[in-house]
Amino acid sequence: MKVEKQVTSGQLDFTFTRRAAFVGGVQAAIGLTVAARMSYIAVADNEKYKLLAESNRVNLTIIPPRRGWFVDRYGKPIATNRADFRVDIIPDRLVNKEQTVKTLAELLALSTDDVDRIHRELKLAQGFQPVQVADGLDYERFAAVSVRLPDLPGVSPRQGYSRFYPSGAAVGHLIGYVGTVSAEEYQKNKNPLLITPGFKVGKDGLEKTLEDRLQGEPGAKRTEVTARGKIVRDLATRPDIPGKPVQLTIDIDLHNYAARRLGLESGSVVIFDCLTGDILTMASMPCYDPNSFSDGIGRIEWKMLNSDDHIPMLNKALQGLYPPGSTVKPAAALAMLHHGVDPEETVVCGGGYRLGNRVFKCLGRHGPINMADALMKSCNTYFYAMGRRIGYDAIAPFSKALGLGQEFPLPFPSQRYGTIPDSAWKMRKYDQKWSESDTLNATIGQGYVSVSPFQLAIMAARIASGLNIQPEIILKKRPAPGRLNFPEEHLAVVREGMNRVVNGDGTAVRSRLEIPGIAMAGKTGTAQVRRIAGSQRGQSGAWKYRDHGLFVCFAPVDNPRYGASVVIEHGMGGARAAAPIAKDVLTFLYDREKAMASLEALEAGWGGNIEQRMASKYAAFQGQPAAPPPLDPTT
Amino acid sequence: MNGIVPAPIAALPWRVIFILSALVGFGATVLYSAAGGNFEPWAGKHVIRFVVLLAMAIAMSRMKLEFWKSMTFPLYLLLLVLLVVVQLMGFVGGGSQRWINLGIITLQPSELMKPVMVLAAAWFFDRLPPNRIYGFDAIWPLGAILLLPSILVIIQPDFDAAIAYAFGLGVVGFMAGLPLIYFISAGVGVAVLAPLVFFFGLKAYQQDRVLIFLNPQNDPLGAGYHITQSKIAIGSGGIFGKGFGNGTQSHLDYLPEGHTDFVFATMAEEWGIVGGFFILFMYYLLMRWGLSVAMQSKTRYGQLVAAGLTCTIFFYIMINLLMVVGLAPVAGIPLPFVSHGGSSMLTMMLCVGIMMSIERHPGAKRGQFQ
């Protein structure tokens, strides 16, 4: 045992006092540390933490801008925005995908096609891309989802606007449709607006090409939110700046009428104001309904469109190319007049034209026939003979001057221009010399010639007015078009020939306008889809091998105002399929009631108007197995 | 003093009552705002509890020091039994339980053990002959006092309480004059053992707390959320705060536990560092009062108890404030007299009551005649 140090209670007292003072000092030091730390946070870092507190408190929501409207030349709406309630899913924030979609399907009464689409889009979507569940909801359904939000993480109900096309399928190819931004687009430009639920961009047609003008500026809504995301109150809101409206040259009533009048056919109607070049109508049917396309494309809908041999995804007015057949005879006639053919000179038609050991057939046996009557009767023999006399290289420039095979700078995502051939073209393309039989074929619009319905309408309008009109889809003040380089007396001969087609003893007399004082002039065309083989002349057999029916026209004859083309795929003949439509559509311009009466009678036989027919077709497709649509169906 | 104030009232320990009332009153103000301008559910209860417990503390102050001395060991044993009872109740009820519900109040034995631990240590040193202070005799009984309750709370598991016991005991031992070498070697020991305890002694959630404290930005939405949001609340308050009732961090629920453990952040957001300094100053006065009670006590038991209890209160203040300003890991320790909560208020007022008793009965030096 070691000797213990002697300690007295007095010493312990002293120790206590010293140690108590030490403890007091330590306490003071810790107190000062806290004070210093607090001051540092609250003074030096004040700005930083204020900002953090503010970003906690304030939730900034982007308000997608309302898209600019499309209106027609009279201000009637073609594409508008409908205030609606919508529900989207943000895949990143989903917790239980299956359960969430199931709950939503029950709450919103979604169809199996919709549920299927949602699942598919969820699979494809990058996590940040909103997937639309439904839009155009009524308040009760919307509220049913809103109140269950705490149990549905990742679901975003919003009040917003959705695109609405009052004309439905009739304007699909003209206007296009809108859709959510693709993942690639967002990767290119990481603008948060692009992934805001409800924000859509143009996917086709004018919606796509005029995107910049239509888009507008997003607004911002600032709300005070709790940590759990409950909105306490709205703070200042910066409203969106809607996109600029676009006024088109279209006469939407006429356009809709034309689209309806096309009925069950696959075809197009293009009408120009032949004094200005304004496109009044550019209908192409059948077509998808841009309203339902803008909501995302369902499997059944896609199958329905894709299995249709009438190709609803194709804008036939601009992208369809057809041999124009006899509709180019007026252009050939102008070339012949220019190259010295006397319009009164006759050619004897014995039912065909012999070139070497081959006979090129005429549809009739017309006897001696002059130019105007050759147009009226669509006599091939006359045009074979005169065409051969001047050569096709002399005709091609006239066709081109009238717009055939030409490019026009229009804001449509894709146009096809077709071909007006000549000897240099053939040499370039096939390394072959132009033959006389090529000339004969090309003169009557067969062979290498292919044009779009849009170009045919320009041709009709230019012949009608003699003006070098340029097509325009956006309404604006433009300088008056200059005159074409054709003498008025040449045009008069051609117009007279076209007048006789309808009002004389021509191929389209049954489509004469029944309006006092207004007459239509035109030219029919029947284009072979394949070479005539044996007895099959393209007038029977499978639909896809039948002849196309074409008709170009203008009205009124004495003071032309409208130039138009009607092309009916596999319609078997211009007089039979196309001219009656032209007649009704032009009638609509002068007497709506009369035109509507004949349309309604027809639609009764077709099974309803466009919308009704699409609905019953959709119903028929329901329940059939269907493959999912591609991401971007129009590209 | 023979003015118009009756003598029993004038004799009340007004100094500490004023300090505590200021803290509780300010705390109630903050709780009132945190409840969105309502006395319910926190501010009203807070004040009522304080008034009731203050009456209890004043009643306790009437007890002579000898009473506390004689009660020390029985209290210690009683709490040990209660700790076992709580453990058994938890075992029966399936899950860990820390309290006993007595209907009007819930007793948390591990919490009550904190001041009793100080009493026990003081009781021991009071009995220890002065010249044995350097011997082994001065150590092993302390170990025994600490060990039993610590084991019982650690299996609860309430590691924080065990640390608080060790702290209370250590402070009393330090004040009692244990050789400094013990404390220095204990400090070195902790520095060496801390990593070992961290890796082998702590449960995963406790490890997380420490890691997150070291780097809260790593997990801003998980467990680091508390510290981050607390700093945002204090930092955005600035010098004068956002004004009474205008704290967004607390009102919009960004700040978790804004009425209990993080009440200081709730306060700082609305009152700024001005409010923070006010609270710190009140604590300074409270500590000064506590230590002055200890210094003025003539008995060794009184000295050690007063100093030990002062440090027990200080332990709460220190851990809470260092945590709230981001200098210590998140621990479930409330801020004395400001945070809402009955258990901690009861413990604090027990400490205060005993200290008031010591203030009232300074006693006489050993060997002195009274």
| said: Can you name every one of the helices (runs of 4 or more DSSP H) wholly within the stretch B:234-343 that holds 3 or more residues which are among the hydrophobic types (A, V, I, L, M, F, W, C) and out of contact with any Pro (no Cβ under 7 Å at 6 or more places or on another chain)? | reply: B:263-296, B:300-324
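Would you point out which residue out of B:Leu20, B:Leu12 is closer than 23 Å to B:Gly290 by Cα, among the aliphatic types (A, V, I, L, M) and crowded, with 18+ Cβ neighbours inside 10 Å?
B:Leu20
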| message | Let me confirm something: among A:Val115, A:Val171, which residue is buried (at least 19 other Cβ atoms within 10 Å of the Cβ), closer than 22 Å to A:Trp302 by Cβ and either in contact (Cβ under 8 Å) with a residue 40 or more places away in the chain or out of contact with any Phe, Trp or Tyr (no Cβ under 6 Å at 6 or more places or on another chain) (or both)? | response | A:Val171
| query | Do you know which of the residues in the stretch A:381-415 that are surrounded by fewer than 17 Cβ atoms within 10 Å (Cβ to Cβ) and in contact with a Ser or Thr (Cβ under 7 Å, 6 or more places away or on another chain) is farthest from A:Phe70 (Cα to Cα)? | reply | A:Asp393
| remark: Checked pairs for the stretch A:5-19, first facing chain B (nearest Cβ under 7 Å), second crowded, with 17+ Cβ neighbours inside 10 Å and among the polar types (S, T, N, Q), C-beta under 7 Å and 6 or more apart or across chains, list as A:Phe16/B:Gln303
| query | Across the stretch A:316-350, what is the total count of residues that are outside any strand (DSSP E or B) and among the β-branched types (Val, Ile, Thr)? | reply | 4
| query | How do the helices (runs of 4 or more DSSP H) wholly within the stretch B:38-150 filter down when requiring 2 or more residues that are under 20 Å from the mean Cα position of the chain (by Cα) and of a type in the set (Gly, Ala, Ser): which remain? | reply | B:43-61, B:109-127
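Condition check ((1) within 14 Å of chain A (Cβ to nearest Cβ); (2) touching a Leu at 6+ places or on another chain (Cβ under 7 Å)) across all residues:
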site: B:Pro141; (1), (2): no, no
site: B:Pro149; (1), (2): no, yes
site: B:Ile155; (1), (2): no, no
site: B:Gly170; (1), (2): yes, no
site: B:Phe174; (1), (2): yes, no
site: B:Leu180; (1), (2): yes, no
site: B:Phe183; (1), (2): yes, no
site: B:Val188; (1), (2): no, no
site: B:Leu193; (1), (2): no, no
| Is there a residue in the stretch A:365-374 that is among the β-branched types (Val, Ile, Thr) and touching a Pro at 6+ places or on another chain (Cβ under 6 Å)? | no
| query | Pick from the stretch B:256-296 the residues that are polar (S, T, N, Q) and more than 10 Å from every other protein chain (Cβ to nearest Cβ): which of them is farthest from A:Arg18 (Cα to Cα)? | reply | B:Thr266
| Pair list, Cβ < 6 Å and 6+ apart or interchain, from the stretch A:291-304 residues that are assigned to a helix (DSSP H, G or I) to residues that are at pLDDT below 75 | A:Arg299/A:Ala626; A:Arg299/A:Pro628; A:Ile300/A:Ala626; A:Trp302/A:Pro629; A:Lys303/A:Ala626
| said: Out of the helices (runs of 4 or more DSSP H) lying entirely within the stretch A:535-635, which hold 3 or more residues that are modelled with pLDDT under 85? | reply: A:610-621
| query | Is it the case that A:Arg37 is more than 7 Å from every other protein chain (Cβ to nearest Cβ), at negative phi and basic (Lys, Arg)? | reply | no
| request: State which residue is surrounded by the fewest Cβ atoms within 10 Å (Cβ to Cβ) when the search covers only the stretch A:124-158 and only residues that are free of Cβ contacts under 8 Å to residues at least 40 places away in the same chain and in contact with a helix residue (DSSP H, G or I) (Cβ under 9 Å, 6 or more places away or on another chain). | output: A:Gly127
| query | Would you say A:Thr249 is touching a strand residue (DSSP E or B) at 6+ places or on another chain (Cβ under 7 Å) and within 14 Å of chain B (Cβ to nearest Cβ)? | reply | no
| query | In this structure, is A:Asp273 acidic (Asp, Glu), outside the structural domain of A:Ala457 (by TED's automatic domain parsing) and more than 16 Å from the chain's Cα centre (by Cα)? | reply | no
| said: Which of the numbered conditions does B:Pro220 fail, given that it passes all the others? Conditions: (1) within 14 Å of chain A (Cβ to nearest Cβ); (2) modelled with pLDDT under 80; (3) surrounded by 19 or more Cβ atoms within 10 Å (Cβ to Cβ). | reply: (3)
| request: Output the residues belonging to the stretch A:465-515 that are outside any helix (DSSP H, G or I) and acidic (Asp, Glu). | output: A:Glu472, A:Asp505, A:Glu514
| task | Please go through the stretch B:79-121 and pick out each residue that is at pLDDT 85 or above, among the hydrophobic types (A, V, I, L, M, F, W, C) and within 11 Å of B:Gln156 (Cα to Cα). | result | B:Leu83, B:Val84, B:Val86
| message | So if I check each of A:Lys76, A:Lys50, which one is surrounded by fewer than 18 Cβ atoms within 10 Å (Cβ to Cβ), more than 10 Å from chain B (Cβ to nearest Cβ) and either out of contact with any Lys or Arg (no Cβ under 7 Å at 6 or more places or on another chain) or among the β-branched types (Val, Ile, Thr) (or both)? | response | A:Lys76
| field | Matching residues in the stretch B:349-370 - criterion: being in contact with a helix residue (DSSP H, G or I) (Cβ under 9 Å, 6 or more places away or on another chain), more than 14 Å from every other protein chain (Cβ to nearest Cβ) and either free of Cβ contacts under 8 Å to residues at least 40 places away in the same chain or part of a loop (DSSP other than H, G, I, E, B) (or both) | value | B:His361
| query | With (1) within 22 Å of A:Trp69 (Cα to Cα); (2) over 15 Å from the mean Cα position of the chain (by Cα) as the list, and A:Leu321 as the residue in question, which single condition is left unmet? | reply | (1)
| note | In the stretch A:212-238, anything under 18 Å from A:Pro192 (Cβ atoms) and away from chain B (no Cβ under 12 Å) is listed as A:Gln215, A:Gly216, A:Glu217, A:Pro218, A:Gly219, A:Ala220, A:Lys221, A:Arg222, A:Thr237, A:Arg238
| Within the stretch A:282-326, considering residues that are of a type in the set (Lys, Arg) and in contact with an Asp or Glu (Cβ under 8 Å, 6 or more places away or on another chain), the one modelled with the lowest pLDDT | A:Arg299
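Listed here are the residues, each with its yes/no results for (1) farther than 23 Å from A:Glu496 by Cα; (2) in contact with a Cys (Cβ under 8 Å, 6 or more places away or on another chain); (3) buried (at least 24 other Cβ atoms within 10 Å of the Cβ).
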{"site": "A:Ile420", "(1), (2), (3)": "yes, no, yes"}
{"site": "A:Gln432", "(1), (2), (3)": "yes, no, no"}
{"site": "A:Ser437", "(1), (2), (3)": "yes, no, no"}
{"site": "A:Gln446", "(1), (2), (3)": "yes, no, no"}
{"site": "A:Pro453", "(1), (2), (3)": "no, no, yes"}
{"site": "A:Asn468", "(1), (2), (3)": "no, no, no"}
{"site": "A:Leu475", "(1), (2), (3)": "yes, no, no"}
| remark: Subset of the stretch A:185-203, residues in contact (Cβ under 8 Å) with a residue 40 or more places away in the chain, touching a helix residue (DSSP H, G or I) at 6+ places or on another chain (Cβ under 8 Å) and not in a loop (DSSP other than H, G, I, E, B), comes to A:Tyr186, A:Ile195
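The values are calculated or read from the model by the stated rules, or taken from the named source; none is laboratory data. Fair warning: this is a prediction, and the values are worked out from it, not measured in the lab. Cβ sites come from the backbone with ideal geometry, for glycine too, and all protein chains shown count toward neighbours.
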